[in-house]
Amino acid sequence: MFDDIKNSSSWKNIESISKGWSNDKKYHITTMSEQHFLLRISDITQYEVKKKEYEIIKKYSLLGINMSMPLDFGICNDGNNVYMLLTWIEGNDLEDELPKLPEQEQYRLGRKAGEILKRIHSIKIDSVDRPLETKKSKKLLQLSCYEKSQVRIAGDNFAIKYVKDNIDKIWKEQPVYMHGDYHPGNLIYTPDGNIGVIDFNRWEIGDPYEEFYKLESFGIEHSIPYCIGQIDAYFDNKIPEEFWVALAVYVAHASLYSIKWAEKFGQKEIDGMVARCGKAFDDYDNFQLSVPKWYTDKYRDSIMDEKKIINSTKLFIETLFAHDHSGHDAQHSLRVYNNAIRLANTEPQCNRFIVSLAALLHDADDHKVFNTKNNYNTRTFLKKQQMDDESIEQICEIINGVSFSKNRGIYPKTIEGKIVQDADRLDAIGAIGVARTFAYGGAHGRSIMDSIKHFEDKLLLLKNEMNTEEGKRIARIRHDFIKTFVDEIRYEITVEK
């Protein structure tokens, strides 16, 4: 089947993928050079449909989002099939990972998903793709099919009435290119703690608000904070009332018609859809509510408060280090903060807020720069931000565990402490480590040889002092850079003239 696919001779492993509702046959391809691809095979009768799908995926691939990128499209199996080759997104299904994460992390990922969806919806529609009519009549026809079916459930009249009474509340927005099946089951939780988007085979053009009804169908059973985050971020925290009304129409319709749709898959799937329908009826109080009971702004308020404090902290350190040019300056603290967030993305159980503040403030009482005791600068600033005593103590404990000279061979007990210690040490190696070493040496009258000795006494040891797996990975790369640099500069200094 695969022999006439370009470069298939380099494939060493072809693993069938059974998950999903698509009619495509899907395979995980591994090449001789350990590259990973996703292969989708369709019947030749689907050629035009799949060609258009591939063109749409190419449009989405220009957005700069992490997704299955298009690689190749064509005919295979002696003209009997169509194939589509895409990049493989490494990671686990987001729907499986969300319940394992802290609620704030679930919410953060939901916001990330909302931002991605907003970018997908931002693509300008080609004139040839613009729909000539709405889907209102289709929705009513589907509802009628449900009403005539043998799978109707008791007490469905209020939902049927809600759809019919409010059908004109949908399709009021300009139509957009849609993913078509956007929920945690079609998103990948990547090793760096971010999101990858897969399975675009249900793409369509339509009302952007319709993209959200599957949060009720397939999202809230895995993570309510995620669902809230997706909505909040998509609307920049300003959710219009007309969205809620339109979404309620889509949820009421889907709750009923999904039962009819599930018939072809058997009683188990029918039962699953009936259960989801009952949950939707409860969440919307039999559609007396337009905003579901599970929606709350508590996560948004919390994250907005945290962002405000983080931004205040950035301004504080810029003022605190305004006249320092030794390498322990505001830019160093910001780089450590960026390193810490990068590491925190791979350690989802950590408290990102505590990590952020500890990373930004880790040098606020550094003895090389300030003559303070008991973290005076840090404590004073955090109290002004109305931080609680427990958090202040945790942040100070993390900061006090950062120094290499004071903590050689001592490893932090908490994941937050490990992240911040690694983040600071990463800024001491690699290209930036070289620059900082000579900046500090110049500010303190060190000779070039003294600075080189600092590499050997401290910086070349850091690779083996890291705590987190991602920290160790990055440290290996940066260590190799400074090792090459030290070898070269010693050669240039000692080479015979």
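The values are calculated or read from the model by the stated rules, or taken from the named source; none is laboratory data. As the structure is a prediction and not an experimental result, all values here were calculated from the model. Every residue, glycine as well, gets a Cβ built from its backbone with ideal geometry; the counts of neighbours run over all protein chains shown.
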Sort out which residues of the stretch 145-194 are hydroxyl-bearing (S, T, Y) and outside any loop (DSSP other than H, G, I, E, B), and write them in order of number. Y146, Y162, Y177, Y189
Complete set of residues in the stretch 212-257 that are farther than 27 Å from L140 by Cβ, in contact with a helix residue (DSSP H, G or I) (Cβ under 8 Å, 6 or more places away or on another chain) and among the acidic types (D, E): E221, D232
Determine whether the stretch 152-175 contains at least one residue that is assigned by TED's automatic domain parsing to the domain that holds F281 and touching a Pro at 6+ places or on another chain (Cβ under 7 Å). yes
Could you check K293 against (1) within 26 Å of A246 (Cβ to Cβ); (2) surrounded by 12 or more Cβ atoms within 10 Å (Cβ to Cβ) and say which number it fails? (2)
Criterion (under 30 Å from L63 (Cα atoms), in the same structural domain as H253 (by TED's automatic domain parsing) and over 33 Å from the mean Cα position of the chain (by Cα)) met by exactly one of E115, E133, E147: E133
With respect to I125, is the statement that it is touching a residue at least 24 places away in the same chain (Cβ under 8 Å), of a type outside the set (F, W, Y), touching a Phe, Trp or Tyr at 6+ places or on another chain (Cβ under 9 Å) and not in a loop (DSSP other than H, G, I, E, B) true? no
Need the failing condition index for E306 against (1) without any contact (Cβ under 8 Å) to a residue 40 or more places away in the chain; (2) of a type in the set (D, E); (3) not assigned by TED's automatic domain parsing to the domain that holds L109, just the number. (1)
Would you confirm, using the coordinates I've provided, whether G20 is in contact (Cβ under 8 Å) with a residue 24 or more places away in the chain and touching a helix residue (DSSP H, G or I) at 6+ places or on another chain (Cβ under 9 Å)? yes
Exactly one condition in (1) surrounded by fewer than 19 Cβ atoms within 10 Å (Cβ to Cβ); (2) part of a strand (DSSP E or B) is not met by D4; state its number. (2)
Look at the stretch 372-401 and say how many of its residues are among the β-branched types (V, I, T), surrounded by fewer than 20 Cβ atoms within 10 Å (Cβ to Cβ) and either assigned to a helix (DSSP H, G or I) or in contact with a Pro (Cβ under 7 Å, 6 or more places away or on another chain) (or both). 2
Given (1) surrounded by fewer than 23 Cβ atoms within 10 Å (Cβ to Cβ); (2) more than 30 Å from L98 (Cα to Cα); (3) in contact with a helix residue (DSSP H, G or I) (Cβ under 6 Å, 6 or more places away or on another chain), P175 misses just (3)
Test set (1) without any contact (Cβ under 8 Å) to a residue 60 or more places away in the chain; (2) of a type in the set (D, E, K, R); (3) surrounded by fewer than 19 Cβ atoms within 10 Å (Cβ to Cβ) - D329 fails condition number: (3)
Taking the options L334, L343, L382, L360, name whichever one is in the same structural domain as Q421 (by TED's automatic domain parsing) and either in contact with a Lys or Arg (Cβ under 6 Å, 6 or more places away or on another chain) or more than 22 Å from D427 (Cα to Cα) (or both). L382
Close pairs from the stretch 36-63: first assigned by TED's automatic domain parsing to the domain that holds G74, partner surrounded by 19 or more Cβ atoms within 10 Å (Cβ to Cβ) and assigned to a helix (DSSP H, G or I), Cβ under 7 Å, at least 6 apart: S42/K50; Y60/I120; L63/I120
Having 3 or more residues that are loosely packed, with under 14 Cβ neighbours inside 10 Å is the bar; report the strands (runs of 3 or more DSSP E) wholly within the stretch 11-116 that clear it. 11-17
